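Data first, discussion second: the structure below is written as structure tokens.
The values are calculated or read from the model by the stated rules, or taken from the named source; none is laboratory data. Owing to the predicted nature of the structure, the values given are computational and were not obtained by experimental measurement. Note that each Cβ is placed from the backbone with ideal geometry, even for glycine, and that neighbours are counted across all protein chains shown.
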Amino acid sequence: MANVGYSKKVMEHFMHPRNVGVIENPDGYGKVGNPVCGDVMEIFITVKDDIITDIKFRTFGCGSAIATSSMVTEIAKGKHIDEALKITRGDVASELDGLPAQKMHCSNLAADALHEAIKDYKSKKQQK
């Protein structure tokens with residue numbers, strides 16, 4: 001896989017992803033997919049006082065999809081939801097020391113799934 005142009009950080013997060021799993025009854029849930037490549041990402045968050053206290057992901061996809069999912073959970077954990085909402089695809093790719101151009105869409109999905117989970121949390125909070 002190194003021939004594709006993956007950084008050591010991408011390989012580390014692919015081989016040893018962080019925060020894999022499901023949170024039962026999450027405060028926020030986001031799911032996104034890319035029909036072209038088939039990648040699907042789910043993000044589950046637990047929030048206390050608008051701080052993401054726990055975050056898990058479940059991803060079906062390539063090594064980049066897994067690595068970006070893992071990295072976005074690492075970046076977002078412990079952040080205020082409004083700060084986490086500002087995490088961009090570029091932030092995710094940058095934290096992984098870059099992604100090959102043909103894999104940049106994977107980092108889009110990771111940030112998008114996080115944003116969907118936060119929007120879900122905010123929506124549930126408004127309904128209370």
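Looking at this structure, is Lys56 under 10 Å from the mean Cα position of the chain (by Cα), basic (Lys, Arg) and outside any helix (DSSP H, G or I)?
Numbers: under 10 Å from the mean Cα position of the chain (by Cα): yes; basic (Lys, Arg): yes; outside any helix (DSSP H, G or I): yes.
Here the answer is yes, as Lys56 does meet what is asked.
Take the range 18-54 and flag every residue that is at pLDDT 95 or above, of a type outside the set (Val, Ile, Thr) and in contact with a His (Cβ under 8 Å, 6 or more places away or on another chain).
Across the range 18-54, the qualifying residues are Gly30, Asp50.
Scanning the range 1-52 for residues that are assigned to a loop (DSSP other than H, G, I, E, B) and of a type in the set (Ser, Thr, Tyr), which turns out surrounded by the fewest Cβ atoms within 10 Å (Cβ to Cβ)?
Ser7
Sort through Gly30, Gly21, Gly5 and tell me the only one that's small (Gly, Ala, Ser) and closer than 14 Å to Leu114 by Cα.
Working: Gly21 fails: closer than 14 Å to Leu114 by Cα; Gly5 fails: closer than 14 Å to Leu114 by Cα.
Exactly one of Gly30, Gly21, Gly5 is small (Gly, Ala, Ser) and closer than 14 Å to Leu114 by Cα, namely Gly30.
Quick one: in the range 74-90, which of the residues that are assigned to a helix (DSSP H, G or I) and modelled with pLDDT of 95 or more is surrounded by the fewest Cβ atoms within 10 Å (Cβ to Cβ)?
If we filter the range 74-90 for residues that are assigned to a helix (DSSP H, G or I), which is where we start, we get 74-76, 81-84, 89-90.
Within this subset, residues satisfying the condition of being modelled with pLDDT of 95 or more are 74-76, 81-84.
Details: Glu74: 16, Ile75: 19, Ala76: 24, Ile81: 22, Asp82: 10, Glu83: 14, Ala84: 24.
So, considering only residues that are assigned to a helix (DSSP H, G or I) and modelled with pLDDT of 95 or more, the one surrounded by the fewest Cβ atoms within 10 Å (Cβ to Cβ) is Asp82.
For the range 1-14, check the following and say yes or no: at least one residue is among the aliphatic types (A, V, I, L, M) and within 21 Å of Asp120 (Cα to Cα). Talk me through it step by step, then tell me what you get.
In the first step, residues of the range 1-14 are kept if they are among the aliphatic types (A, V, I, L, M); the result is 1-2, 4, 10-11.
Now narrow it down to the ones that are within 21 Å of Asp120 (Cα to Cα): none.
Checking the range 1-14: not a single residue is among the aliphatic types (A, V, I, L, M) and within 21 Å of Asp120 (Cα to Cα).
Every residue in the range 53-65 that is within 18 Å of Glu116 (Cβ to Cβ) and crowded, with 18+ Cβ neighbours inside 10 Å, please.
Across the range 53-65, the qualifying residues are Ile55, Lys56, Phe57, Thr59, Gly61, Ala65.
For the range 74-97, give me each residue that is closer than 16 Å to Lys119 by Cα and either of a type in the set (A, V, I, L, M) or touching a helix residue (DSSP H, G or I) at 6+ places or on another chain (Cβ under 8 Å) (or both).
Within the range 74-97, Ala76, Ile81, Ala84, Leu85, Ile87, Thr88 meet the criteria.
Looking at Met71 and the list (1) under 10 Å from the mean Cα position of the chain (by Cα); (2) assigned to a strand (DSSP E or B), which single condition is not satisfied?
Of (1) under 10 Å from the mean Cα position of the chain (by Cα); (2) assigned to a strand (DSSP E or B), only one is false for Met71: (2).
Would you check which residues across the range 91-103 are surrounded by fewer than 22 Cβ atoms within 10 Å (Cβ to Cβ) and at pLDDT 90 or above and list them?
Matches in the range 91-103: Asp91, Ser94, Glu95, Asp97.
Just checking, which of Ile66, Ile87 is under 26 Å from Lys125 (Cα atoms) and either without any contact (Cβ under 8 Å) to a residue 60 or more places away in the chain or of a type outside the set (Asp, Glu) (or both)? Before you say what the answer is, go through the steps one by one.
On the way: Ile66 fails: under 26 Å from Lys125 (Cα atoms).
Exactly one of Ile66, Ile87 is under 26 Å from Lys125 (Cα atoms) and either without any contact (Cβ under 8 Å) to a residue 60 or more places away in the chain or of a type outside the set (Asp, Glu) (or both), namely Ile87.
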